[in-house]
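Please read the structure below before turning to the comments.
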Amino acid sequence: MAMRQTPLTCSGHTRPVVDLAFSGITPYGYFLISACKDGKPMMRQGDTGDWIGTFLGHKGAVWGATLNNEATKAATAAADFTAKVWDAVTGDEVLTLAHKHIVKSVNFTQDSKCLLTGGNDKMLRIFDLSKPEADPQEIAGHTSAIKKALWCNNDQQILSAAEDKTIRLWDKNTTEAVKTLSFETSVSSMEYIPDGEILVITYGRTIAFYKAHSLDLIKTVDAPASIHSASLHPEKDYFVAGGDDFKLYKYDYSTKEEIESYKGHFGPVHCVRFSPDGELYASGSEDGTLRLWQTAVGKTYGLWKCVLPEELTSENSEALYCPQPEIKA
């Protein structure tokens, strides 16, 4: 009898969850932040989904959220024309960075000293967080709203994806576009993997992998449904994807074969990311929940308990071996 995937359901949001991000691994474990149209980003313990706190202060939908590696700082991008920086330990607001339009994306440099933002005014901005009153460095070039902007190549370059159906690679110092990729449809998501410099993007039903430095194509995979987000396992064994059909798909990265698919959400999946240790992946949905899924089903990890077949002789074997469909976190 095969083990059944039992996702942990993280409730609390009241509107669709549109973005999520993990911290790095810290002495206190790792953490997860979620962006939601309810305007109240939440921080959770990454391996269990346990709620830690809610960042209160935005006056509109929050479209993007991120944590620095150490999980000491958070940043959020919102429809109230601001990006905010938060103390992720206390939950206090540290900075409000005014913009001219809706902000969609926020990303810290590795040293957490600068914040990259992008949004509906088509402009990339780099804020020096030690001089918040100073004007940000601005990079123009996109002709439509920016959906995602990420540091890459040791923070010397920037990758941006926009509604103008392009992904652009920028030199931070010269602010010039080094290379541009054009697509037939708008890119729905983008993930950057520093180890190996891989870029994961989704558009339509396609999940595509590129070399981040050169934007040379590595491979593409077509999914059964329109895909909103995909994530590559830290060891590059697997990748997962989710989209319009409410399902999460897991693929073998080397062979591109679909390994399994799971339906748990009650609405389209907007975002999916692997944890930094690769033991689980988190998904956020139109249904207002986050779900945590095991990479290796049946392994003892976080709130999941492995039950070996020889343990099934006990009287409560049925309860042990067949977990309830949902575990609330």
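Bear in mind these aren't lab numbers, they're just calculated from the coordinates by the rules spelled out. No experiment lies behind these values; they were computed from the predicted model shown. Because the Cβ atoms are built from the backbone with ideal geometry, glycine has one as well, and the counts that use them run over all protein chains shown.
Between their Cα atoms, which of LYS104/LYS165; LYS263/LYS299; LYS147/LYS211; LYS59/LYS165 are more than 18 Å away from each other?
LYS263/LYS299; LYS147/LYS211; LYS59/LYS165
Just checking my list (1) 34, 61, 5; (2) 33, 58, 9, 0; (3) 24, 52, 23, 2 against P(r) over Cα pairs in 20 Å bins from 0, in percent computed from this structure; which label fits?
The value computed from this structure is option (2).
Loop-only check: which GluC sites (Glu not before Pro) in the range 51-156 are DSSP coil with at most 10 other Cβ within 10 angstrom? Before the final figure, lay out the partial values.
Numbers: sites: GLU70, GLU93, GLU133, GLU138; in loops: GLU70, GLU133.
For GluC sites (Glu not before Pro) across the range 51-156 that sit outside H, G, I, E and B with at most 10 neighbouring Cβ atoms in 10 Å, the list reads GLU133.
As an exercise, identify the trypsin sites (Lys or Arg not before Pro) in the range 17-66 lying in DSSP coil whose Cβ has no more than 16 other Cβ atoms within 10 Å.
Values: sites: LYS37, ARG44, LYS59; in loops: LYS37, LYS59.
Here the trypsin sites (Lys or Arg not before Pro) that fit, given the DSSP loop and packing criteria, are LYS59.
List the residues, sorted by chain then number, that are 5 or more residues from ASP19 or on another chain and whose placed amide H is less than 5 Å from its amide H.
ALA35
Rounded to the nearest 500, what is the chain's calculated 222 nm mean residue ellipticity when only DSSP H runs of at least 4 contribute -39500 (n - 2.57) each, over all residues?
Helices in the chain give a 222 nm mean residue ellipticity of -500 deg cm²/dmol.
Evaluate the relative contact order of the range 139-270 (contact order divided by residue number), counting alpha-carbon pairs under 8 angstrom at least 6 apart; express in whole percent.
Reported as a whole number, the value is 13 percent.
Order the peptides 262-269, 202-209, 29-36 from the highest to the lowest mean number of other Cβ atoms within 10 Å of their residues.
In descending order of packing, they fall as 29-36, 202-209, 262-269.
I need the calculated FRET efficiency for the pair ARG205 and LYS179, taking r as the beta carbon distance and R₀ as 22 Å, to the nearest 0.05.
Calculated transfer efficiency: 0.35.
Go ahead and run the numbers for FRET between VAL89 and HIS213, Cβ-Cβ distance against an R0 of 41 Å, rounding to 0.05.
0.75
I'd like the GluC sites (Glu not before Pro) in the range 141-225 restricted to DSSP loop residues with at most 12 other Cβ atoms within 10 Å, sorted by number.
Counting only loop positions with at most 12 other Cβ atoms within 10 Å, the GluC sites (Glu not before Pro) in the range 141-225 are GLU176, GLU184.
Between GLU197 and ASP244, what is the spin-label point distance in nm, taking each point 7 Å from the Cα along the Cα→C-beta axis?
Taking the two extended label points, one gets 3.5 nm.
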